[in-house]
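Report on the following structure.
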Amino acid sequence: MNIPRIFAAAAIMMVVATVIGAVALIGSPEKQRRIRLDEERVQDLQSIARAVDAYWSRHDALPDDLETLRVEPDLQITVQDPVTRKQYGYRTTGEASFELCAEFSREVKMDSISQHYNRFRGGIWAHPAGSHCFKLQVQINKQ
């Protein structure tokens, strides 16, 4: 029996087992990418919602569309999906209410939402996989 070969084989098996365990624990690189992209989409929508609030404060009205919001001075927003480059959905639904829509890769339930999601507008950011619209109201910061 060749002892160095046995140790080498055992070391290789340990490395393979470790890699398989890591992938099982944290998910595949593709799954992690989808999670990151969905989080980016929610962050984009949260930024748009804050910009709508700022626009309302300045004009006492909702913007007609995302382009109006995008060119507003001092408002920095991303209006396109990071993968498809399609514009996020936006439409007014009332005098001070609106919807923001996006296409999501995976479902995120309320009980699994990260603290980041919950810090803005009371944790409404749970969403199914696929197309989803968030129903929002203008929120004005009283100073």
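Nothing in this text is a laboratory measurement; each read-out follows from the coordinates by a stated rule. None of the values given here were measured: they were computed from a predicted structure. Neighbour counts run over all protein chains shown; Cβ positions are idealised from the backbone, glycine included.
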Q | Extension gain from R36 to R58, taking 0.36 nm per residue of separation minus the Cα-Cα distance | A | 4.6 nm
Q.
Expected output is a single nm value to one decimal: the length gained when fully extending between I124 and V16, i.e. 0.36 nm times separation in residues minus the C-alpha distance. What is it?
A. 34.8 nm
Q | For the stretch 74-103 and the stretch 46-72, distance of Cα centres in Å | A | 10
Q: In nm, give the distance between the simple-model label positions of Q76 and A96, each being 7 Å from the Cα along the Cα-to-Cβ direction.
A: 2.9
Q. For the stretch 29-137, what is the per residue volume of the convex hull drawn over the alpha-carbon atoms, in cubic angstrom?
A. 101
